[in-house]
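The values are calculated or read from the model by the stated rules, or taken from the named source; none is laboratory data. Owing to the predicted nature of the structure, the values given are computational and were not obtained by experimental measurement. Ideal geometry is used to build each Cβ from the backbone, glycine not excepted, and the neighbour counts take in all protein chains shown.
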Amino acid sequence: MTQDIGDLDGLVRKRIRALRIAQGLSLGDLAARAHLSQSSLSRIENGQRRLALDQLVTLARALDTSLDQLVETDAEEVVRGAVMDHGLDSLRWQARHSPDTTILRRRLTGPPPDPSRMRAHPGHEWMVVLSGTAILLLGDRRYRVEANQSAEFPTMLPHALGAEGGPADVLLMVDRAARRGHQDRAPE
C-alpha cells in the first residue's frame, strides 16, 4: 500500500492525540512525560510543528507504545471477513490473526462519539455484527457494518463504534494488547 507522506504525518498526529485521550492524559501530563512543553505538544498534535524523529520516539515511549506502531502505514486497511459456515442458529468466521484473544459482546445504542473522541491503543480487533447496523469510524473513514458482516483492523488507528437506526449487538475479539484499551471502558 502506498501512502502519501502528508497522509502519514496527519495519521501519526491523530494517533498521538487519540492515545493521549484514551489514556486520560491532559496535554500537560503527556508533555511532562515526553519532556516537551505543553505548547510544543499542542502544536505537534495540531500540525503546526514539524514532527521530528527524536520527538516521535520520546512520545511513543511516553504513550507506552512503540515507534513502529505509532507510524505503521498499513493500519488503514479494513478486511471484511466472509461467512465461513452458517446454519439456522450458528455462524462461524475466520479471522486472519489470533492466538491470545478475548471475546467481548457489546450492545451499541447510539451513534459513534464525535470524531475528536476516537480512541487508539496498541493491538488488533476483529468484530462481527450480530444484529442491527454498526457504524465503525476508522481514521477519516466511516464504515457501515451490517448484521453478519465483520471487520478487522489494527487499533493504533483512531476508532470508535456506534449504531445506526437502533441498537446493534456486536461481538469483538481483541488481542492481548487491545484488551488493555478496553479494560477501563464502560459499555457503549
Inset, instruction - Being of a type in the set (A, V, I, L, M, F, W, C) and more than 12 Å from the chain's Cα centre (by Cα) is the filter here, so list the residues in the stretch 128-144 that pass it. - result: 128, 129, 130, 134, 135
Inset, instruction - Those residues that are modelled with pLDDT of 85 or more and surrounded by fewer than 16 Cβ atoms within 10 Å (Cβ to Cβ), I need them from the stretch 55-66; list them, please. - result: 57, 61, 64
Inset, instruction - Would you mind stating whether residue 166 is at pLDDT 90 or above and surrounded by fewer than 22 Cβ atoms within 10 Å (Cβ to Cβ)? - result: yes
Legend entry - Yes/no for residue 176 being under 23 Å from residue 69 (Cα atoms) and either modelled with pLDDT of 90 or more or surrounded by fewer than 16 Cβ atoms within 10 Å (Cβ to Cβ) (or both): yes
Legend entry - Options 160, 120, 82, 95: the member that is modelled with pLDDT of 90 or more, in contact with a strand residue (DSSP E or B) (Cβ under 8 Å, 6 or more places away or on another chain) and among the hydrophobic types (A, V, I, L, M, F, W, C): 160
Inset, instruction - Can you run down the residue pairs with Cβ atoms below 6 Å, 6 or more apart or on separate chains, where the first is in the stretch 127-156 and over 17 Å from residue 168 (Cα atoms) and the partner is in a strand (DSSP E or B) and among the aliphatic types (A, V, I, L, M)? - result: 152/79; 153/138
Legend entry - Residue count, the stretch 30-42 (criterion: within 14 Å of residue 60 (Cα to Cα) and outside any loop (DSSP other than H, G, I, E, B)): 5
